[in-house]
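Each remark here refers to the structure printed beneath this line.
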């Protein structure tokens, strides 16, 4: 992982696999939730394309004050 201090994992961008490992959940669960977060512009993928490892970072859309991300499925 690239070192930085822009998110809780301490990275500029993270892969879906890194998120799954960090959270201790199946990568398919992360994939479904990341796909929806990208649609909502909560996340952006700096390396889009089928079969390519996603490099995710915070998106343009901000959550309203006091709210949290949805619970994982």
Could you tell me whether the stretch 10-22 includes any residue that is surrounded by fewer than 14 Cβ atoms within 10 Å (Cβ to Cβ) and either at pLDDT below 90 or touching a strand residue (DSSP E or B) at 6+ places or on another chain (Cβ under 6 Å) (or both)? yes
Filtering the stretch 44-61 down to residues that are over 13 Å from residue 15 (Cβ atoms) and in contact (Cβ under 8 Å) with a residue 12 or more places away in the chain yields 44, 58, 59, 60, 61
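Answer yes or no as to whether residue 55 is modelled with pLDDT under 85 and out of contact with any helix residue (DSSP H, G or I) (no Cβ under 6 Å at 6 or more places or on another chain).
It is false that residue 55 is modelled with pLDDT under 85 and out of contact with any helix residue (DSSP H, G or I) (no Cβ under 6 Å at 6 or more places or on another chain).
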Taking the stretch 46-65 and keeping residues surrounded by fewer than 11 Cβ atoms within 10 Å (Cβ to Cβ) and at negative phi leaves 46, 48, 50, 52, 60, 62, 63, 64, 65
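The values are calculated or read from the model by the stated rules, or taken from the named source; none is laboratory data. Bear in mind the structure is a predicted one, so any value in this text is a computation, not a measurement. Cβ: placed from backbone, ideal geometry, glycine included. Neighbour counts: every protein chain shown.
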